[in-house]
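In what follows, a structure is listed as structure tokens, so that the remarks can point back to it.
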Amino acid sequence: DGGDGLSNLIAGPTNTGVGVVNPESPGRWFAGGGAGIHFSPGTGSGGAGGGGSTSHPGAGDNGVYATGGGGASGSPGGSGGSGIVVVRYKIASLTATAKATGGAISFYNNKTIHTFTSSGTFVTASNWSAADVEYVIVAGGGGGACNDSGGGGGAGGYRTGTTPIGAHPVSTTIQIGGGGSASYVNNVRGSNGGDSYFGTPITSAGGGGGGQSPPAPTKNGAAGGSGGGGHY
């Protein structure tokens, strides 16, 4: 089974456009590991946070879109899920107000939230004052390897913190990492996921692709924000 990712409430508990639900825990979950598979027939579950599941014989599931979940191994493997960047800042009034443009905008608990599921730009508006903004950055998940001996793709790297945005005008580039490609043939490892960033100093590394069966030299999972699963 794939390993669990992490939960976060940056976009509020009811924001259904962010992350996935884990019935056993609160928050929206990101960056779950993809499942590996060995025996045929056999099954494996993706980790909480968007990791792909697998049932062999059959194709491995893709990691969930915009979670950085890893793709599962299978015939063929599944691709990694793309990443996401969420930015929020405090509202200084009782009226829900956006002080910047970019991404899908929502409001929760006196804060404005910008959710990017594709690359774009966070641009301050004329009513912006210099402030610290909170962020969650998740890279793309790694792709799963092919066939029942392949390891599942690793989950995308996950970063959270705060960073200052100065006085208007400021434009900050947002990149969303794509999910790693799945392996469609034996003896080829899944590809790593792409990096995500909120301005180039704050980068989240893509997840490692899943390892493939010997005698190929790719039996180990690839290094990444989280490493991919290795061949048994």
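Return the residues of the stretch 15-33 that are assigned to a loop (DSSP other than H, G, I, E, B), in contact (Cβ under 8 Å) with a residue 12 or more places away in the chain and more than 12 Å from the chain's Cα centre (by Cα); say none if nothing qualifies. Within the stretch 15-33, Asn15, Gly17, Glu24 qualify. So is Thr67 touching a residue at least 24 places away in the same chain (Cβ under 8 Å), in a strand (DSSP E or B) and closer than 29 Å to Gly190 by Cβ or not? No, not satisfied. Scanning the stretch 65-113 for residues that are modelled with pLDDT of 90 or more, surrounded by fewer than 24 Cβ atoms within 10 Å (Cβ to Cβ) and of a type in the set (A, V, I, L, M, F, W, C) returns Ala98, Ala100, Ala104, Ile105, Phe107, Ile113.
Any residue at all in the stretch 71-81 that's in contact (Cβ under 8 Å) with a residue 24 or more places away in the chain and under 22 Å from Ile202 (Cβ atoms)? Yes, that holds for at least one residue. Restricting the stretch 37-57 to residues that are touching a Gly at 6+ places or on another chain (Cβ under 7 Å) and modelled with pLDDT under 85 leaves a set whose member that is farthest from Ser226 (Cα to Cα) is His56. In the stretch 82-109, the qualifying residues are those that are of a type outside the set (A, V, I, L, M, F, W, C) and under 17 Å from the mean Cα position of the chain (by Cα), and the one that is farthest from Ala205 (Cα to Cα) is Gly103. Residue under question is Gly33, and the condition is that it be out of contact with any Phe, Trp or Tyr (no Cβ under 9 Å at 6 or more places or on another chain), of a type in the set (Gly, Ala, Ser) and either over 25 Å from Asn192 (Cα atoms) or at pLDDT below 90 (or both); does it hold? In short, no.
The values are calculated or read from the model by the stated rules, or taken from the named source; none is laboratory data. Note that the coordinates shown come from a computational prediction; the quantities given were computed from them, not determined experimentally. Methodologically, a virtual Cβ is constructed for each residue, glycine included, from the backbone with ideal geometry; neighbour enumeration extends over all protein chains shown.
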